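Working notes, beginning with the structure itself.
The values are calculated or read from the model by the stated rules, or taken from the named source; none is laboratory data. Source: prediction; values computed, not measured. Using ideal geometry, Cβ is built from the backbone for each residue, glycine included, and neighbour counts are taken over all protein chains shown. Calculation scope for accessible area: heavy atoms of the full protein, side chains included, ligands and nucleic acids excluded. Shrake-Rupley method; radii C 1.70, N 1.55, O 1.52, S 1.80 Å.
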Amino acid sequence: KQILQNSIGGGLGHKYISIEHGLSYALILGWQYKIYLPLEFWKYTVSCIQPFRIQSLNATSVAVLSRNECSQLSPRSYVLSSIFNSTVMLEDCRLSKNIIGTQANIQTLQARKVLKANETYEDLQRILYRLLLNPTHELQSVINSFKTTHFTKRYVFSVHIRMGGYLADVPERKEMMSLARLKRLPSVIQNAMVSWDFDAGNTVLFLSTDST
């Protein structure tokens, strides 16, 4: 049996969350794991999932589990083995922590030496993200060069503004932040900086956004 993961859509963070879930299911179930990702992912990461890479998805006969379907599955009604009973393709399937991180599943991972005796599902997530978030030397050089050039003060105050909707450079159906909330954001940032004793003299403001 296989977990087939289609991670062609979404941004990089979106992909990592999806992959962490898919790998967790495969490790708990003891199933083979295969993943389809854009070329850019493999080009810029040194990833432990390289051996599981597939070049295309030709699995039209298998069941597909989408994000919406998985989010609606209640921990009161389902366990992992009742959701996955044959080869399945995942499209951003993120099950509840209460389905994944049960005591039985953690004991299975401990028995398979994936986790140590005192470790939890949160430890599994930490381990997987650390293995996945591994940029190439070339990308590390770009990141380090940016830090040297721009992060020149004592502190860096980072703000991620995720607009979504029609205010994003690439419009989406779902709005993350309204224009009214966006207008209030500068004062929120200023108040937060004051509370941590950050100011323009000692702090670089780093802004990441999907809207220019």
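A few notes on this one:
- Taking the stretch 159-212 as the range and being acidic (Asp, Glu) and open to solvent by less than 40 Å² (accessible area, probe 1.4 Å) as the test, only 210 passes.
- You will find that of 156, 142, the residue that is in contact with a Lys or Arg (Cβ under 9 Å, 6 or more places away or on another chain), of a type outside the set (D, E, K, R) and open to solvent by 50 Å² or more (accessible area, probe 1.4 Å) is 156 and no other.
- Every residue from the stretch 78-128 that is of a type in the set (Phe, Trp, Tyr) and open to solvent by less than 40 Å² (accessible area, probe 1.4 Å): 84, 121
- At least 2 residues being basic (Lys, Arg) is the threshold, and among the helices (runs of 4 or more DSSP H) wholly inside the stretch 69-157 those reaching it are 121-132.
- Any hit, the stretch 53-71, residues being among the polar types (S, T, N, Q) and in contact with a helix residue (DSSP H, G or I) (Cβ under 9 Å, 6 or more places away or on another chain): no
- Check on residue 61, of a type outside the set (Asp, Glu), free of Cβ contacts under 8 Å to residues at least 12 places away in the same chain, part of a loop (DSSP other than H, G, I, E, B) and more than 22 Å from residue 34 (Cα to Cα): no
- Scanning the stretch 166-186 for any residue that is at negative phi, part of a helix (DSSP H, G or I) and among the β-branched types (Val, Ile, Thr) turns up nothing.
- Of all residue pairs spaced 6 or more apart or on separate chains, those with beta-carbon atoms under 9 Å, a first member in the stretch 109-138 that is among the aromatic types (Phe, Trp, Tyr) and a second member that is part of a loop (DSSP other than H, G, I, E, B) are 121/101; 121/102; 121/115.
- Checked against the criterion of being closer than 30 Å to residue 141 by Cβ and among the small types (Gly, Ala, Ser), the stretch 44-66 contains one or more residues that satisfy it.
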